[in-house]
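Below: one structure, written as structure tokens.
The values are calculated or read from the model by the stated rules, or taken from the named source; none is laboratory data. The structure presented is a predicted model; accordingly, all values stated were derived computationally and were not measured. Here the Cβ positions follow ideal geometry from the backbone for every residue, glycine too, while neighbour counts run over all protein chains shown.
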């Protein structure tokens, strides 16, 4: 009887070990995503998210993420980064001097994510509420010493490392110092170019779509759901023509509200960004192959939320400056490989996490 009991116990243990083999083998390697949507809230720190979302009546997109990390934002020559250096690290994985775009601290051009992805046949794109030649979007396809060289930045689009770009910036294609019509040149290189037109949704594998002379209008000026529509248009075209794609979406004017110390301006822009994140998450959940990463290049304004003694259920927004600050910014991730973005790390690490997950480091 004792022997029978022992045999049954051993059989049960063997069954349990088989059932939990994956646990003994350690964590599974994350599945590589087929799509990446990288959303950058320019100037968006914890105070901006905490304040704006505490009074938002809709769904708080940030609360939907289970994986959260923090990024250290310093540049190569300044503890407080600017947007050029702040976005360059995401693209090339190297610290840059403030004001630089797509070059390292020695001002040498380095291949960025878009160049590496095009070798693999991926689609690439940028969407922004600034001009498409502004610091953050430019860092993903251009390589210049100064972010102020927007005429020169726009010329990098001819190199075809960025398939789709939607935002403002007409003047850097038509009203240039060299009098070139860059739209015509881009057309010759296979791009569909659209400007000075009402909103349309073309199907094109190469698209440069600018809807303002420089930056897009503020939300308070009637911009509406441009950022949401542009994100959907870009992702739909990239999916249709390339299958695998990397899309960077910037809520550019969250930063501009901070520079103006205009809390309401900032909050309206962050609400708009929040709705884009919600839509992207909804699509990613259905798709199952999309990695969604949300972060900021830096915080703007040194915003704090102080006690409102007149109404203790609310707060008083307080700005310390009209510039950037050097505090860490949050990183939110969802989808295949999201767990890679947990923890505290240098902003350069985000680039290498993308390399690992997208198989761009030889693995």
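For the stretch 230-240, the count of residues that are farther than 30 Å from residue 303 by Cα and surrounded by fewer than 17 Cβ atoms within 10 Å (Cβ to Cβ) is nonzero.
Yes/no per residue for (1) modelled with pLDDT under 95; (2) closer than 23 Å to residue 342 by Cβ:
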residue	(1), (2)
48	no, yes
57	yes, no
69	no, yes
79	no, no
89	no, yes
117	no, no
126	no, no
129	no, no
132	no, no
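Of the strands (runs of 3 or more DSSP E) lying entirely inside the stretch 255-358, the ones with 1 or more residues being crowded, with 22+ Cβ neighbours inside 10 Å and in contact with a helix residue (DSSP H, G or I) (Cβ under 8 Å, 6 or more places away or on another chain) are found at 290-295, 329-334.
Selection of first residues in the stretch 118-139 that are at positive phi and touching a residue at least 60 places away in the same chain (Cβ under 8 Å) and of second residues that are in a loop (DSSP other than H, G, I, E, B) and surrounded by fewer than 24 Cβ atoms within 10 Å (Cβ to Cβ), restricted to Cβ pairs under 8 Å at least 6 apart or on distinct chains, gives the following pairs, ordered by first then second residue: 121/244. Remark: residue 244 falls outside the filter, which requires a residue to be at pLDDT 95 or above, over 30 Å from residue 121 (Cα atoms) and crowded, with 17+ Cβ neighbours inside 10 Å. I'm checking my understanding of the structure. Among residues of the stretch 205-229 that are without any contact (Cβ under 8 Å) to a residue 40 or more places away in the chain and surrounded by 15 or more Cβ atoms within 10 Å (Cβ to Cβ), which one is farthest from residue 125 (Cα to Cα)? Looking at residues that are without any contact (Cβ under 8 Å) to a residue 40 or more places away in the chain and surrounded by 15 or more Cβ atoms within 10 Å (Cβ to Cβ), I get 217.
None of 251, 301, 288, 257 is modelled with pLDDT of 95 or more and touching a strand residue (DSSP E or B) at 6+ places or on another chain (Cβ under 6 Å) except 251. State all residues of the stretch 75-94 that are farther than 15 Å from residue 255 by Cβ, touching a residue at least 60 places away in the same chain (Cβ under 8 Å) and touching a helix residue (DSSP H, G or I) at 6+ places or on another chain (Cβ under 6 Å); if no residue qualifies, say none. Result: 89, 90, 91, 93.
Going by what's in this entry, would residue 280 be described as closer than 21 Å to residue 138 by Cβ and touching a strand residue (DSSP E or B) at 6+ places or on another chain (Cβ under 6 Å)? No.
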